[in-house]
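All remarks here apply to the structure that follows.
The values are calculated or read from the model by the stated rules, or taken from the named source; none is laboratory data. A quick note: this is a predicted structure, and the numbers were derived from the prediction, not measured. Counting neighbours? That spans all protein chains shown, and the Cβs are built from the backbone with ideal geometry, glycine included.
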Amino acid sequence: MPRFDPDRNPFYVIVYAAVISAAFTAAIVALHVATVDIVERNAKVMEQKAVVDVFDLGDVEQMSDAEIIDAYEQRIVRVPVDPAERGPAPTKKDGTGRAYVFAFQAGAGPDARPMAVAIPIHGIGFWANIEGLLAIDVETRKAISVTFLSHSETPGLGGRITEANFRNEWKGLDMTPPEGDGTWVYVGGTETVANADRYVDAISGATGTSNAVGDFANKTIPEYYAPAMKLAQMPRDQLDAMAAGEPRKPDTGETPGPPTPLTPEPQEEN
Amino acid sequence: MPPANSNQAELSPGRAAIAQLWHENPIFRQVLGICSALAVTNRMFNTLLMCGGLIWATTMSSLTVSLLRNYTPQRVRIMVSVLIIAVYVIVVDITMRAFFPDIHRDIAAYVGLIITNCIVLGRLEAFASKNPTLPSVADGFGAGLGYSFVLMLVAVVRELLGFGTLFGFDLGGFTGWWTGNNYQWVIMIMPPGAFFVLAVVVWVMRGYALRKEAAAEGGK
């Protein structure tokens with residue numbers, strides 16, 4: 001019996017290629033379907049972890065996923081940025097985009113005001129787009145921390161924007177609107193002494209990324225700051241309604257109530 | 001021992017693996033897979049994960065291509081091989097995304113590079129498409145190990161000189177002395193640093209291997 005030669009029959013070649021492609025594609029699709037819920041949950045937890053961390057609501061490295069989710073759901077309200085304020089959301093696999101993120105005291109009721117707000121900062125880094133959040137204490141107008149949700153910077157160099165050393169540099173920065181040249185934050189450079197309360201040390205060996213972060217922070221902070229602070233004067237139930245997609249109420253010009261002071265301890269439940 | 005010709009048929013699994021580890025090492029003898037060697041080797045942990053992914057891809061692709069070798073038409077063999085490699089790399093990507101999300105975030109960009117790694121396709125074309133399953137698996141595994149062996153050497157040098165650490169661990173006095181005043185040897189962290197380190201590693205290892213072979217030839 002002659003040996004089977006798969007190349008002799010063109011029909012076999014076509015059928016073989018189609019069957020192989022279909023079989024392997026089906027295997028990948030099956031694996032994807034089997035893990036899609038886990039992947040989506042991971043993406044959600046990762047983002048929630050970053051938000052809980054940027055507000056300093058706990059030590060996220062020590063918290064379980066359940067504790068992170070609980071802290072987020074109890075204390076965070078996320079209001080999508082109005083499209084008129086550069087709001088079109090960035091492409092994110094979990095479907096979330098740019099938002100004003102508000103943090104409340106533990107156990108805060110519907111009338112409570114946010115203790116802190118995180119505004120989006122975003123722009124082109126050394127290689128590609130960087131998306132982040134800058135958390136600001138509503139009462140003191142000092143920066144709490146910064147987090148970078150997505151970037152493509154060089155691991156070990158620009159990629160160190162996600163490390164604690166660089167993020168800690170942002171803690172306590174003055175976040176009141178600046179006078180003079182209008183610079184909100186100096187990243188690197190020679191402004192150490194003159195503007196110590198707005199100065200962030202650049203990453204050694206990653207001047208390009210550091211400069212890029214400074215540039216886009218100074219462009220995006222003023223865009224989102226005023227709307228965020230205005231929303232931060234609203235009670236939680238109104239922010240919850242906006243987070244749920246209800247249209248924003250027109251500005252009534254009323255004097256807002258004082259924000260809840262930022263303290264790390266949760267309120268006692270009665 | 002003279003170098004084994006790992007592309008010949010009827011090679012034992014052990015000899016096939018050893019040939020890829022040393023005599024025909026993909027990096028310092030064949031100079032293949034250099035792109036990823038430059039990209040990932042500034043951190044030992046990233047390098048280790050990349051190596052694990054490549055060992056998986058070469059081994060499983062070799063197994064599959066070898067199993068299908070008598071049924072795969074020659075005119076579509078490259079397409080089938082690339083499809084098989086892509087499938088195994090996507091399996092790595094999805095598995096890491098689902099079960100190791102923190103690690104995935106660090107090395108996602110590198111995992112995709114495995115598909116284009118010429119070592120994998122090279123071994124499928126040169127060996128697995130012509131040989132039985134067991135030697136093919138050993139050949140693929142050996143090629144992955146040979147690649148990993150050299151890459152880890154490069155990573156040790158780059159991380160040590162670039163960051164003053166190994167696997168991210170502080171080496172006490174050395175790290176403090178090396179990285180004093182927040183100093184880093186930036187060229188070792190950037191991809192061009194890999195050119196220098198890789199060139200030195202290839203030079204040293206080739207020199208050693210050639211000298212050993214010459215001595216073996218002279219002893220006959």
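Quick notes
- When residues of the stretch B:176-193 are limited to those that are modelled with pLDDT of 75 or more and not in a helix (DSSP H, G or I), the one nearest to the other protein chains (Cβ to nearest Cβ): B:Met190
- Filtering the stretch B:28-67 to residues that are farther than 29 Å from B:Thr133 by Cβ and charged (D, E, K, R) leaves only B:Arg43.
- Criterion violated by A:Ala99 - all others in (1) modelled with pLDDT under 90; (2) surrounded by fewer than 18 Cβ atoms within 10 Å (Cβ to Cβ); (3) more than 30 Å from B:Ile84 (Cα to Cα) satisfied: (2)
- Picking from residues in the stretch B:127-173 that are β-branched (Val, Ile, Thr) and in a helix (DSSP H, G or I), the one that is nearest to B:Ile85 (Cα to Cα) is B:Val137.
- Condition broken by A:Ala112, with the remaining ones in (1) in a strand (DSSP E or B); (2) aliphatic (A, V, I, L, M); (3) surrounded by fewer than 20 Cβ atoms within 10 Å (Cβ to Cβ) satisfied: (1)
- All positions within the stretch A:214-257 that are over 17 Å from the mean Cα position of the chain (by Cα), aliphatic (A, V, I, L, M) and either modelled with pLDDT under 85 or not in a loop (DSSP other than H, G, I, E, B) (or both): A:Ala226, A:Met229, A:Leu231, A:Leu239, A:Ala241, A:Met242, A:Ala244
- Residue satisfying all of: in the stretch A:201-213; modelled with pLDDT of 90 or more and buried (at least 20 other Cβ atoms within 10 Å of the Cβ); nearest to A:Trp184 (Cα to Cα) among these: A:Val213
- When the stretch A:146-162 is filtered for residues that are more than 11 Å from chain B (Cβ to nearest Cβ) and surrounded by fewer than 21 Cβ atoms within 10 Å (Cβ to Cβ), nothing remains.
- Qualifying positions in the stretch A:115-145 - at negative phi, surrounded by fewer than 19 Cβ atoms within 10 Å (Cβ to Cβ), assigned to a loop (DSSP other than H, G, I, E, B) and at pLDDT 90 or above: A:Glu139, A:Thr140
- Residues of the stretch A:20-55 classified as β-branched (Val, Ile, Thr) and at the interface with another protein chain (Cβ under 10 Å from one of its Cβ atoms), total: 8
- B:Leu48 being more than 12 Å from chain A (Cβ to nearest Cβ) and either within 17 Å of the chain's Cα centre (by Cα) or of a type in the set (Gly, Ala, Ser) (or both): yes
- So A:Pro155, is it in contact with a helix residue (DSSP H, G or I) (Cβ under 9 Å, 6 or more places away or on another chain), over 28 Å from B:Met44 (Cα atoms) and not in a helix (DSSP H, G or I): no
- Among residues of the stretch B:92-106 that are facing chain A (nearest Cβ under 8 Å), those with a beta-carbon under 7 Å from a residue that is of a type in the set (A, V, I, L, M, F, W, C) at least six positions away or on a different chain give the pairs B:Ile94/A:Leu31; B:Arg97/A:Val39; B:Ala98/A:Ile38; B:Ala98/A:Val39; B:Pro101/A:Met46.
- Taking the criterion of being within 14 Å of chain B (Cβ to nearest Cβ) and part of a helix (DSSP H, G or I), the residues of the stretch A:196-213 that qualify are A:Thr207, A:Gly208, A:Thr209, A:Ser210.
- Residue in the stretch B:71-84 that is farthest from A:Thr25 (Cα to Cα), counting only those that are out of contact with any Ser or Thr (no Cβ under 9 Å at 6 or more places or on another chain) and more than 7 Å from chain A (Cβ to nearest Cβ): B:Ile78
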